[in-house]
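Here's the structure, in structure tokens; my notes come after.
The values are calculated or read from the model by the stated rules, or taken from the named source; none is laboratory data. Every value quoted in this text rests on a predicted model; they were computed, and no experiment measured them. Quick reminder, even Gly has a Cβ in these numbers, built from the backbone with ideal geometry, and neighbours come from all protein chains shown.
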Amino acid sequence: MEKFENISEFEPKDLLIGAMLRVPAQAIHHRLILELNAAGFGDLSLPHIAVLQYPGPDGVRPGKLAERANMSKQAMNQLLKSLEAMGYLVRHDETDGSRARIVRFTKRGHAAFAAIMGILRKVESEWSAELGAKEFAQLKQLLFRVWQSRLVKAPGFPTGID
């Protein structure tokens, strides 16, 4: 296998789809944290993205959040405990009388999630400017087709949306 020292040595045919999707996603996650920290949410870090990723945790059970993030319930509960201690969310008992818990944003959590959505809109605008509006729309349409396809709907595979 060839070893490449920098991205300029790559040709699209040389890259595997996993890397081509992972690298932009990681760049967005890092940017989210940098901009959130600069906007007054300095206690948030990369692991918290697993909880705060779209469509967000508000009104969702911890087990479902763990499934979305493809992590154990124990790991998710540690992240939830951290975010709860920092004042971003609370966990309540379900109102249906079951023992289940449900996650709710606090005022600070709603503010952080609104900031995340604003940052993501800015990222989309920049990507559209970089790629061109038509090509960016095509990229989103193609990714949506993959998202809805059997390629990502294997049994037990989390889709990120309920």
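All told, ILE33 falls short of being in contact (Cβ under 8 Å) with a residue 60 or more places away in the chain, part of a helix (DSSP H, G or I) and closer than 20 Å to GLY118 by Cβ. Beta carbons closer than 7 Å, at least 6 apart along the sequence or on distinct chains, never pair a first residue in segment 133-144 that is in contact (Cβ under 8 Å) with a residue 60 or more places away in the chain with a second that is part of a helix (DSSP H, G or I) and of a type outside the set (Ser, Thr, Tyr).
Taken as a whole, the condition of being exposed (fewer than 13 other Cβ atoms within 10 Å of the Cβ) and at negative phi applies to LEU142. Looking at segment 46-69, can you tell me whether even one residue there is modelled with pLDDT of 95 or more and of a type in the set (Phe, Trp, Tyr)? Within segment 46-69 (the criterion being modelled with pLDDT of 95 or more and of a type in the set (Phe, Trp, Tyr)), the answer is no, since none of the residues qualifies.
Of all residues in segment 44-53, none satisfies being more than 17 Å from the chain's Cα centre (by Cα) and touching a residue at least 24 places away in the same chain (Cβ under 8 Å).
Filtered by the rule that a residue be at pLDDT 85 or above and either surrounded by fewer than 15 Cβ atoms within 10 Å (Cβ to Cβ) or touching a Leu at 6+ places or on another chain (Cβ under 7 Å) (or both), segment 94-105 gives VAL103, ARG104, PHE105.
Could you tell me whether any residue of segment 69-85 is free of Cβ contacts under 8 Å to residues at least 60 places away in the same chain and part of a strand (DSSP E or B)?
Here is the first cut: in segment 69-85, the ones free of Cβ contacts under 8 Å to residues at least 60 places away in the same chain are 71-85.
When the remaining residues are screened for being part of a strand (DSSP E or B), the result is none.
Scanning segment 69-85 turns up no residue that is free of Cβ contacts under 8 Å to residues at least 60 places away in the same chain and part of a strand (DSSP E or B).
If you go through segment 106-118 and pick out every residue that is among the hydrophobic types (A, V, I, L, M, F, W, C) and either surrounded by fewer than 16 Cβ atoms within 10 Å (Cβ to Cβ) or part of a strand (DSSP E or B) (or both), you end up with 3.
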